[in-house]
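Derivation of every value follows stated rules applied to the coordinates shown; laboratory data play no part. In this text the structure is predicted, and so the values were computed from the model without any measurement. FYI the Cβ positions are ideal-geometry reconstructions off the backbone, even for glycines, and counts take in every protein chain you see.
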Amino acid sequence: MSARSQTVTIGDLEVHYLEEGRGQPLILLHGGTATAESWGEAMPTMADRYRVFALDTRGHGKTSNPAQKLSYAQFADDVAGFIAALGLRKPLIVGYSDGGQTALEFGLRHPGKAGALVLGGTVSQPSEIYMEGLHGWGFPAPGEVDFERLAREFGPYFEQIKLAHAHHYGPDYWRSFLRQISELWLTLPSYSERQLASISVPALVIMGDRDQLGGVEEAHRLYRHLGAGELSIIANVGHEVVNRPLFWDAVREFLARHDSREG
């Protein structure tokens, strides 16, 4: 079975998503500048057990962005709207990078709505390492982008960003989109220990031990303060940890323990 491309309207937002499989609902939230297509290899492997939904985040891919602004709080509310629109009950949510930040916000803003959360490559505060990493990529200040530097740092992926984000707003939308991304990334919220502790749903924190934006210490802070946190550190990999088989081994084992069919 291959993934079906579908859309749903939530208020003034048109959300594009891919759907595959049957069973307990599982929502996949991609990283910033990526799209639902980035889950192309993961979806079939998860669809043997779950009804998998891969969303294009607001402003990404084929999902619209009426406000022309991005925020993790809004992303989380969009996910809540998606769950309500499709009538999903206690979906499992797997987020990576910006998707992980969205899952974290979802846990705060919509308690009790998810069965479990996976926070991959997620940080709980804009640390010095995090800020230096973004500056190095070509994001010098909120809303500003050094396009030449970003093209060098991102390599061929830079052209993919242009192509993937021309659906709603034309071939030059990528410039505005990346400025919005710069604002989003460089104004990351700092979550207090009390906020993190209020998330009581089971949550797995996964981080590469060489993550350029987070790292082991940041993962430990997040895991330690979550109400029901677990921690998985994947060796010898950076922020691209989601591409490692060990990432998905950890995810499948964690989700199986919180699958509604397992009680």
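A few points about this structure:
- Using only side-chain charges placed at the Cβ, +1 for Lys and Arg and -1 for Asp and Glu, the dipole size of the range 1-80 relative to its Cα centre rounds to 80 debye.
- Cα gyration tensor category, rounded, prolate or oblate, for the range 1-123 with a/c compared to 1.5: rounded
- Taking amide hydrogens as placed 1.01 Å from N in the peptide plane, the amide H of S127 sits under 5 Å from that of no residue at least 5 positions away in sequence or on another chain.
- Global form of the range 81-234, assessed from the alpha-carbon gyration tensor, a/c cut-off 1.5: oblate
- Estimated 222 nm signal from helices in the chain, with DSSP H stretches of n ≥ 4 weighted -39500 (n - 2.57), rounded to 500: -11000 deg cm²/dmol
- Of all the options D78, D209, D48, the one that moves most in a Gaussian network model of the chain with Cα springs shorter than 10 angstrom is D48.
- Rounded to whole Hz, the Karplus (6.51, -1.76, 1.60) HN-Hα couplings of the range 246-259, x for glycine and proline: 4, 4, 6, 4, 5, 5, 5, 5, 5, 5, 4, 6, 10, 5
- Close amide H contacts of E14 (hydrogens built in the peptide plane, cut-off under 5 Å, sequence separation of 5 or more or a different chain): S64.
- Selection among A67, L55, L86 by position relative to the dipole of the range 1-145 gives L86 as farthest towards the positive end (Cβ unit charges, Cα centre).
- For the range 28-109, applying the loop criterion from DSSP together with a ceiling of 12 other beta carbons within 10 Å to the trypsin sites (Lys or Arg not before Pro) yields K69, R89.
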